[in-house]
1. Of everything in region 99-114 that's within 17 Å of the chain's Cα centre (by Cα) and assigned to a loop (DSSP other than H, G, I, E, B), which residue is farthest from residue 64 (Cα to Cα)?
2. For region 52-69, what are the residues that are surrounded by fewer than 18 Cβ atoms within 10 Å (Cβ to Cβ) and in contact with a helix residue (DSSP H, G or I) (Cβ under 6 Å, 6 or more places away or on another chain)?
3. Which helices (runs of 4 or more DSSP H) sit wholly inside region 34-92 and have at least 3 residues that are without any contact (Cβ under 8 Å) to a residue 24 or more places away in the chain and out of contact with any strand residue (DSSP E or B) (no Cβ under 6 Å at 6 or more places or on another chain)?
């Protein structure tokens, strides 16, 4: 019984370090096409709502980087470094969201894309 439990634990760890979910990150899914183009626009009418939406999105999903960093390649190293990189990335993304929400109305300022 102990060998089976040990085997299942090793198998779980081995599969969790593979990049099964690396292609989807809820923290960056919206930013990829729709928002990034709007924030980089020279027109205020396109930039302001896009930056506000990016900020709200980063505030809502910034914490998810804590978990998605577990599945980042290279295999093994991503999982080993995730306890450090996950919270740091989550804090940076949430901070970027705060800056975007507070400054979306400023015409020339486009915030920081994390």
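1. So, considering only residues that are within 17 Å of the chain's Cα centre (by Cα) and assigned to a loop (DSSP other than H, G, I, E, B), the one farthest from residue 64 (Cα to Cα) is 111.
2. Correct list: 59, 63.
3. Per the criteria, 44-61.
Since every read-out is calculated from the coordinates, none of them should be taken as a lab result. Model, not experiment: these values are computed from the prediction. So basically every Cβ, Gly included, is an ideal-geometry build from the backbone, and we count neighbours across all protein chains shown.
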